[in-house]
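The values are calculated or read from the model by the stated rules, or taken from the named source; none is laboratory data. Remember, predicted model here, so these are calculated numbers, not experimental data. Note that we place each Cβ from the backbone using ideal geometry, even for glycine, and neighbour counts take in every protein chain shown.
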Ligand code: CA
């Protein structure tokens, strides 16, 4: 089955059953972490307090309408892709949605498969990814097939190891804190998992780096972790 891995999605929808169906579908088919807000105020608060890769936003919401949420979110400079769920399909409202900063919209009732396809496309576009394969030295990560190889050898990872590696691979050379990794691996209550990152990192090291001449996973004491090849290191040095 074709699967793509996404990081973190916020669904803002007051119809609880629909919100939960959308969230479950995204979790099951993309294995991303999904948060749900049932009104516009909570939605805006969450959207601005965590780094999301996609917002799925209903228009008719209690407390703060979706369009107002979207305008405020864009006005504050957030570039996260936004997929609107709308019961309306008049041309005027579509134009006003796009003007307000929506990236795409789906008219209700919609098919969950369609929602998934649009969501995946928006997340990929948001990351500026054109090829699903990330290459760092001789490490290859295929984010559609969710397959990892090092020096041409397939590496078998647990789902969490994969998610952690993929998150690091999206920003090669960047030091990512343990907290940020936890936030991306888990839903909102990530604090209770705070000891697991070291376990996943040591698993990844054993599978990816142990037998390779160039070590890609680095620990930055007190700061976090990075995934980088020789080139990253050199280009970073060059900048200093
Ligand atoms: Ca609604």
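General observations
- Considering region 104-131, and only residues there that are loosely packed, with under 12 Cβ neighbours inside 10 Å and outside any helix (DSSP H, G or I), the residue that is modelled with the lowest pLDDT turns out to be 130.
- Taking region 180-197 as the range and being touching a helix residue (DSSP H, G or I) at 6+ places or on another chain (Cβ under 9 Å), over 18 Å from residue 166 (Cβ atoms) and assigned to a helix (DSSP H, G or I) as the test, only 191 passes.
- Looking only at region 19-30, and only at residues there that are touching a residue at least 24 places away in the same chain (Cβ under 8 Å) and surrounded by fewer than 18 Cβ atoms within 10 Å (Cβ to Cβ), the one that is farthest from the ligand (Cβ to nearest atom): 25
- Residues in region 31-41 that are at negative phi and more than 16 Å from the ligand (Cβ to nearest atom): 32, 33, 34, 35.
- Residue check for residue 141: assigned to a helix (DSSP H, G or I) and surrounded by 13 or more Cβ atoms within 10 Å (Cβ to Cβ): no
- Set 64, 57, 44, 69: member being within 16 Å of the ligand (Cβ to nearest atom), out of contact with any strand residue (DSSP E or B) (no Cβ under 7 Å at 6 or more places or on another chain), at pLDDT 95 or above and closer than 24 Å to residue 127 by Cβ: 44
- Selection of region 19-45 for residues being out of contact with any helix residue (DSSP H, G or I) (no Cβ under 8 Å at 6 or more places or on another chain) and closer than 14 Å to residue 184 by Cα yields only 27.
- Any hit, region 84-103, residues being closer than 26 Å to residue 184 by Cβ, away from the ligand (no atom under 16 Å from the Cβ), surrounded by 15 or more Cβ atoms within 10 Å (Cβ to Cβ) and in the same structural domain as residue 13 (by TED's automatic domain parsing): yes
- For residue 60, the conditions (1) part of a loop (DSSP other than H, G, I, E, B); (2) farther than 18 Å from residue 13 by Cβ are fulfilled apart from (2).
- When each of 37, 33 is tested for being buried (at least 19 other Cβ atoms within 10 Å of the Cβ), at pLDDT below 95 and in the same structural domain as residue 109 (by TED's automatic domain parsing), the lone residue that passes is 33.
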